[in-house]
Amino acid sequence: MAMNYNSKDEVDGGPPCAPGGTAKTPRPDNTAFKQQRLPAWQPILTAGTVLPTFFIIGLIFIPIGIGIFVTSNNIREIEGNVFMYYALSNFYQNHRRYVKSRDDSQLNGDSSALLNPSKECEPYRRNEDKPIAPCGAIANSMFNDTLELFLMGNDSYPTPITLKKKSIAWWTDKNVKFRNPPGEESLEERFKGTTKPVNWLNPVYMLDSDPDNNGFINEDFIVWMRTAALPNFRKLYRLIERKSDLHPTLPAGRYYLNITYNYPVHSFDGRKRMILSTISWMGGKNPFLGIAYIAIGSISFFLGVVLLVINHKYRNSSNTADITI
Amino acid sequence: MSCILRQLLTLSSFPQCAGEENWVDSRTIYVGHREPPPGTEAYIPQRYPDNRIVSSKYTFWNFIPKNLFEQFRRIANFYFLIIFLVQLIIDTPTSPVTSGLPLFFVITVTAIKQGYEDWLRHKADNAMNQCPVHFIQHGKLVRKQSRKLRVGDIVMVKENETFPCDLIFLSSSRGDGTCHVTTASLDGESSHKTHHAVQDTKGFHTEEEIEGLHATVECEQPQPDLYKFVGRINVYNDLNDPVVRPLGSENLLLRGATLKNTEKIFGVAIYTGMETKMALNYQSKSQKRSAVEKSMNVFLIVYLCILISKALINTVLKYVWQSEPFRDEPWYNQKTESERQRNLFLRAFTDFLAFMVLFNYIIPVSMYVTVEMQKFLGSYFITWDEDMFDEDTGEGPLVNTSDLNEELGQVEYVFTDKTGTLTENNMEFKECCIEGHVYVPHVVCNGQVVPDSSGIDMIDSSPGVSSREREELFFRALCLCHTVQVKDDDNMDGPRMSPDSGKSCVYISSSPDEVALVEGVQRGLAVTRIQYCADQGGFRNCPHFFFRFELLEILSFDSVRRRMSVIVKSATGEIYLFCKGADSSIFPRVIEGKVDQIRSRVERNAVEGLRTLCVAYKRLIPEEYEGICKLLQATKVALQDREKKLAEAYEQIEKDLILLGATAVEDRLQEKAADTIEALQKAGIKVWVLTGDKMETAAATCYACKLFRRNTQLLELTTKKIEEQSLHDVLFELSKTVLRCSGSLTRDNFSGLSADMQDYGLIIDGAALSLIMKPREDGSSSNYRELFLEICRNCSAVLCCRMAPLQKAQIVKLIKLSKEHPITLAIGDGANDVSMILEAHVGHPPWASVIGKEGRQAARNSDYAIPKFKHLKKMLLVHGHFYYIRISELVQYFFYKNVCFIFPQFLYQFFCGFSQQTLYDTAYLTLYNISFTSLPILLYSLMEQHVSIDTLKRDPSLYRDIAKNALLRWRVFIYWTFLGLFDALVFFFGAYFMFENTTVTNNGQIFGNWTFGMLVFTVMVFTVTLKLALDTHYWTWINHFVIWGSLLFYIVFSLLWGGIIWPFLNYQRMYYVFIQMLSSGPAWLAVVLLVTVSLLPDVLKKVLCRQLWPTATERVQAKNQCLSVEQSTIFMLSQTSSSLSF
């Protein structure tokens, strides 16, 4: 039949604003990018390529794991510096209401924030019409037990162990993030117009006798202010420095721990602990990492063997199959 | 009143006013605003809009509110807005910035894009509205801006100007009152169409004369159908009796068309501005949703459910946990007074909302942006593709909708037109058969002439004297019965030049068949000029015979009648009717002639794939002609149902014909059409050919293009068969044949092409189809349809011949709505395909179009346009495949990475007393999706090539691997989600065991909750990025740059973010957290360990699946790499074995 069209068939309503519709498209550029022919590396994850990786992972991870595990287990021996921690359990330092209840500007020494703390600090923002310094729930609930360690000598006269209270907080926190309010006067003057947190015994400028460890830059305070990730946590309390290479830091013997008990934990079903630990290059004792490395290394090695077997079997059967395809 | 209402409605940019006729059914226009003489009917004056075109959506004032409204109508944007508002109102764990910033970003970018597009539209509108127009005022020519044009103004348009509004053609500078028009600026159609001036006004050639015209035009109210116009003009002469003339679409000059070959014309404006047919037809393309987008939305709903259930679980647990007062409010963490006072339910609800906000990132706002960017940018690869650029025509592919890119990889049915799509639409006159004698021209081909062509040879016995006359009549008929125009000047852009006879002349017609015929006749019979003057007063000149014919009437072609006729008067005063058309429409109307001989010849030619036409004539006695004249005149004046009446009149006139003969025209296949169809079939796509051609012609073409192969068993569902048996029996028999096979041999998708399988091809014709589609009296129509669909489903190829345009649409609709909802693609090149294509349009399947000779009308409205049919192969098999795998990975990966992101947050709630404490800092919450993990996946989704382009082209069956949305099935989705969950568990508990009751630094200092979150986050960013790296099969330098770059960016950002006390922040919680973490050896070890553990299962799964159950794609990948991999494996294995023995 005739594919004959009436002329009217070809009148078309295009969008009224597109008069340039007939312009011929220019010839596209012959560039590798536009033609999707950029040179490329085309890796494929086949058993062949992955097998060695599995073995390599196995071979690398297992020794690492063993190394970590051994290091971690050696930590018990009290050599080198000894670190004294206190630990709280069932204490939700990571509760949202708690985490945000602080004013970093105030802690950074901002004068206006000192006298007018952030609203986030409610209900620990003001007390009797005076701004609280440091404000907020975190500061208010600062751990205030005092731990003292004594070595019980032969003469049963206890020798106090020197507990160093410096460099227990991050250097940057102590020197940059936390700052006392500016001024030349005494710390008490600088905190004038503020009041102590409700639960505190002393105001913030009486945390320590050392002016370099007082006020907001008190390291115990800074340590407390770094909120823990989990409800069971430990915090660094003191350092026991090794005096000489000849003697162990804490020689074997009977020790006496004197706790000035201020901090209530029973109400929330909490526990307090004191931990003495040495530290290796990888921190405190933690078997997890070592075990995990060994486990993953072994699994990977095992998988490598399994894949090898499968690959071998498959190869035999598929070589014939490949021909039929 | 009603009129104003209508204007308001049409102006509100929804031009499809369905019931427009109901308001005011006609309008009356005073030509030149001159009142008709008193005593004539009084008309109610109507108000018309001015000639301003408004295509822009916004104005300066309403842009912000309107655009915001439009944007927030999208469900995702609205969701994020709600989250943002919740964050603003209640005390939530994350600051409103975290969701506000991304939302703001998305909204702004979209608004800028839309604003820019609208600004362009404004500019185009202004250019259009301000271009000068000449019109006549008080007998003088006046220039005015186009937008000031009013209905009733008389406009003068010069050559090469476009018409400023819809005009009734009053007169032209050409003596015969015609003008030529091209719609090139509308649809790229460069051929010239002839329009006719109103008979009674065509004498008014000057401004002064026009001024003296006294007339009114009555016409229907504007309606969008471009092909329909009915009206009436009353011309008041000095005698008071007005002359009434009918107006049809041949008198109407549409806005947007350009005047050609005519010095100037005068016309009266009848539709202006937004009421022009062009404006009424302008519709902003509705957004189509692809299958991927639909699955994406389903996944979103799943995630929304997960989100809500997470929030619910946490809320409930929170209150269970808090039932002990020391937990709700321990001494160290007291509530404020107002918090205590709050109502329990309100508190619980607030908590629920807060959890929702905390977890809302699981539905990422950035996914929408990334998907849109991917689609928009990705579509450039189609237009840039050099392989799809056609040198001959200088055309490249067009992408009109980028929303459906990935749908190209999902096509199950291709509906293709035959003429112009499968074939060149480049006609060649092959032979003619007159009275049973066959004549073959030597070498005649339109466009090309071989010099030694001399004439038409007869191949059988020389005709007797009696048939001499018939022969003469036959060629006369061919010379006269057509709509071909002659173009003299040789700088025409028309393609058909015939350089003989000293003077070049070009034939222009909307139908290539006609050109081929006329050229064939010209070549053979040395007809040097065929002058066609298309009005009643015109003459047809046939110089070879030196006869002049007066053209009396044209009964123009339409696709329903499938024939056309002319009535001419010879110099001797005899009146003839010549009719030319499809054999099926001619034979029933023939009463005389060698029907059987011609029919057998026609059928033989059809089997060879030639296009045949039959020619018949009848001699009219003057009385008959008078009757015809009256009949036509009466129908032409009718204002209502004119089309129908006209069709009836034609039916009455074209009967009792005498058959003269038949012609055969060859239409060659497009290059590589067969190759393309074969590839598509191998790819598991069912190809249907829908054509108006005869069954034999179409079947021959189908064999030629390998749609049917030699071993294909053809099933016929044709009128002939149905005449023998009832439709019922035929259908059941066919289905039995088909199902017997598929019953005994379960039809496997993957071995569907194996040689032992019986291939079925179905041929159905239009009449049979309409029987199937026709609802039965008892209302059980669906029965036949189901049966028919069942048969179709089991046929690898289907040919539908003798299709009316509307039936093409019906077929597409039938398949589209069948119960599997297959993705259909319709491809065609001409106006007769538009209805099929529009049908395919509605149900969101994409349809492509071939830019063909029949103009680019289809190209403009299509979703995709390609220059040649062969390009469909690359379009679907390569581009479609790539787009699909890219976007499916994009979608799955986005959900995966957000599960990884949010699930640790969920777990953390169990350790922080369900207090909605966030694990990550605000900055990280905000930037995770925006910058840390956004670019690698975007680049992946633009660049990924899991197999090379050549492989995809070489091996079409790979297309089956992704059929039926394979990469977005539930199984895959659940795998990704569980992978995300597993990874999240690894991140969280890895960090948990690291931090539990120990210190991880070498100076004994303790890390806090932010370091904990930082560790989780770092592991996560590395895992998620490396997971993508593992999935990437195509590493260009860009991929390297983006993947490693974004990891580096994360580190640099973290160093910076934690390295400074940021003065504008009221908290400094991240200060030095990242750097402190890096200073700890175990943290490094943990990152390495956890990333390895997270990636291990995915790698294992990939390797095992590839090894044990490889897909076709994976086999091909392996084969491609076979050599190199094999070598390296052997090398590696020998290495490992040596290390093992050690």
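Descriptive notes on the structure:
- Residue match in segment A:170-187 (condition: surrounded by fewer than 19 Cβ atoms within 10 Å (Cβ to Cβ), away from chain B (no Cβ under 14 Å) and part of a strand (DSSP E or B)): no
- Scanning segment B:773-815 for residues that are at pLDDT 80 or above, among the hydrophobic types (A, V, I, L, M, F, W, C) and in a loop (DSSP other than H, G, I, E, B) yields a single hit, B:Cys795.
- Qualifying residue in segment B:1001-1015 (condition: small (Gly, Ala, Ser), within 26 Å of A:Ala228 (Cβ to Cβ) and away from chain A (no Cβ under 12 Å)): no
- Considering (1) within 24 Å of B:Val560 (Cβ to Cβ); (2) buried (at least 20 other Cβ atoms within 10 Å of the Cβ); (3) hydrophobic (A, V, I, L, M, F, W, C), the lone condition that B:Phe708 does not fulfil carries the number (1).
A quick yes/no check of all residues on (1) over 30 Å from B:Val230 (Cβ atoms); (2) surrounded by fewer than 15 Cβ atoms within 10 Å (Cβ to Cβ); (3) away from chain A (no Cβ under 14 Å); (4) modelled with pLDDT of 85 or more:
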| position | (1), (2), (3), (4) |
| --- | --- |
| B:Thr98 | yes, no, yes, no |
| B:Phe104 | yes, yes, yes, yes |
| B:Thr110 | yes, no, yes, no |
| B:Arg121 | yes, no, no, no |
| B:Phe135 | no, no, yes, no |
| B:Leu141 | yes, yes, yes, no |
| B:Arg147 | no, no, no, no |
| B:Ile154 | no, no, yes, yes |
| B:Leu170 | no, no, yes, yes |
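- Residue check for B:Gly396: within 36 Å of the chain's Cα centre (by Cα) and at the interface with chain A (Cβ under 9 Å from one of its Cβ atoms): yes
- Segment A:106-120, residues that are small (Gly, Ala, Ser), surrounded by fewer than 20 Cβ atoms within 10 Å (Cβ to Cβ) and free of Cβ contacts under 8 Å to residues at least 40 places away in the same chain: A:Ser112, A:Ser118
- On the stretch given as segment B:336-356, residues that are surrounded by 18 or more Cβ atoms within 10 Å (Cβ to Cβ) and either outside any helix (DSSP H, G or I) or in contact with a Pro (Cβ under 7 Å, 6 or more places away or on another chain) (or both) total 1.
Residue-wise test of (1) touching a residue at least 60 places away in the same chain (Cβ under 8 Å); (2) out of contact with any strand residue (DSSP E or B) (no Cβ under 8 Å at 6 or more places or on another chain); (3) under 22 Å from B:Gln670 (Cβ atoms); (4) crowded, with 22+ Cβ neighbours inside 10 Å.
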| site | (1), (2), (3), (4) |
| --- | --- |
| B:Ser366 | yes, yes, no, yes |
| B:Lys375 | yes, yes, no, yes |
| B:Glu386 | no, yes, yes, no |
| B:Asp390 | yes, yes, yes, no |
| B:Gly396 | yes, no, yes, yes |
| B:Thr401 | yes, no, no, no |
| B:Glu406 | yes, yes, no, yes |
| B:Glu412 | yes, no, no, no |
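- One residue from B:Glu678, B:Glu733, B:Glu716 being surrounded by fewer than 20 Cβ atoms within 10 Å (Cβ to Cβ), at pLDDT 80 or above and assigned to a strand (DSSP E or B): B:Glu716
- Some residue of segment B:374-383 being part of a loop (DSSP other than H, G, I, E, B), within 30 Å of B:Tyr883 (Cβ to Cβ) and within 14 Å of another protein chain (Cβ to nearest Cβ): yes
- Here segment B:47-91 is the region considered, the condition is being assigned to a helix (DSSP H, G or I) and among the charged types (D, E, K, R), and the residue that is farthest from B:Thr350 (Cα to Cα) is B:Lys66.
- Check on B:Asn898, touching a helix residue (DSSP H, G or I) at 6+ places or on another chain (Cβ under 6 Å) and modelled with pLDDT under 90: no
- Taken together, the residues in segment B:1059-1114 that are of a type in the set (D, E, K, R) and in a loop (DSSP other than H, G, I, E, B) amount to 1.
- Of all residues making up segment A:136-163, the number that are touching a residue at least 40 places away in the same chain (Cβ under 8 Å) and more than 11 Å from chain B (Cβ to nearest Cβ): 14
- Scanning segment B:349-407 for residues that are closer than 17 Å to B:Val106 by Cβ and among the acidic types (Asp, Glu) returns a single hit, B:Glu372.
- Here B:Leu253 passes the criteria (1) at pLDDT 80 or above; (2) out of contact with any Gly (no Cβ under 8 Å at 6 or more places or on another chain) except the one numbered (2).
- Criterion applied to B:Ser1094, B:Ser1080, B:Ser1046 was being over 23 Å from B:Phe901 (Cα atoms), in contact (Cβ under 8 Å) with a residue 40 or more places away in the chain and in contact with a Ser or Thr (Cβ under 8 Å, 6 or more places away or on another chain), and the one residue passing it is B:Ser1080.
Let's see how each residue does on (1) modelled with pLDDT of 80 or more; (2) more than 8 Å from chain A (Cβ to nearest Cβ):
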{"site": "B:Gly248", "(1), (2)": "yes, yes"}
{"site": "B:Ala257", "(1), (2)": "yes, no"}
{"site": "B:Lys264", "(1), (2)": "yes, yes"}
{"site": "B:Glu275", "(1), (2)": "yes, yes"}
{"site": "B:Lys285", "(1), (2)": "no, yes"}
{"site": "B:Lys288", "(1), (2)": "no, yes"}
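- Of residues in segment A:43-56 being surrounded by fewer than 20 Cβ atoms within 10 Å (Cβ to Cβ) and assigned to a helix (DSSP H, G or I), the one nearest to the other protein chains (Cβ to nearest Cβ): A:Pro52
- Test result for B:Thr94, assigned to a loop (DSSP other than H, G, I, E, B), at pLDDT below 85 and either on the phi > 0 side of the Ramachandran plot or polar (S, T, N, Q) (or both): yes
- Within segment A:67-167, helices (runs of 4 or more DSSP H) holding 2 or more residues that are touching a strand residue (DSSP E or B) at 6+ places or on another chain (Cβ under 9 Å): A:111-115, A:137-140
- When every residue of segment B:592-600 is checked against the conditions, none turns out to be within 36 Å of the chain's Cα centre (by Cα), assigned to a helix (DSSP H, G or I) and surrounded by fewer than 23 Cβ atoms within 10 Å (Cβ to Cβ).
- Hey, B:Ile89 farther than 22 Å from B:Pro65 by Cα, away from chain A (no Cβ under 14 Å) and surrounded by fewer than 17 Cβ atoms within 10 Å (Cβ to Cβ) or not: yes
- Filtering segment A:265-279 to residues that are within 7 Å of chain B (Cβ to nearest Cβ) and either of a type in the set (D, E, K, R) or within 27 Å of the chain's Cα centre (by Cα) (or both) leaves A:Phe268, A:Asp269, A:Ile279.
- Counted residues, segment A:204-252 - those being in a loop (DSSP other than H, G, I, E, B) and either within 14 Å of chain B (Cβ to nearest Cβ) or free of Cβ contacts under 8 Å to residues at least 40 places away in the same chain (or both): 21
- Among the conditions (1) more than 30 Å from B:Lys874 (Cα to Cα); (2) part of a loop (DSSP other than H, G, I, E, B); (3) of a type outside the set (D, E, K, R), B:Phe987 misses just one, which is (2).
The values are calculated or read from the model by the stated rules, or taken from the named source; none is laboratory data. Keep in mind it's a predicted model, so treat the numbers as computed, not measured. Glycine also receives a Cβ, built like all others from the backbone with ideal geometry; neighbour counts cover every protein chain displayed.
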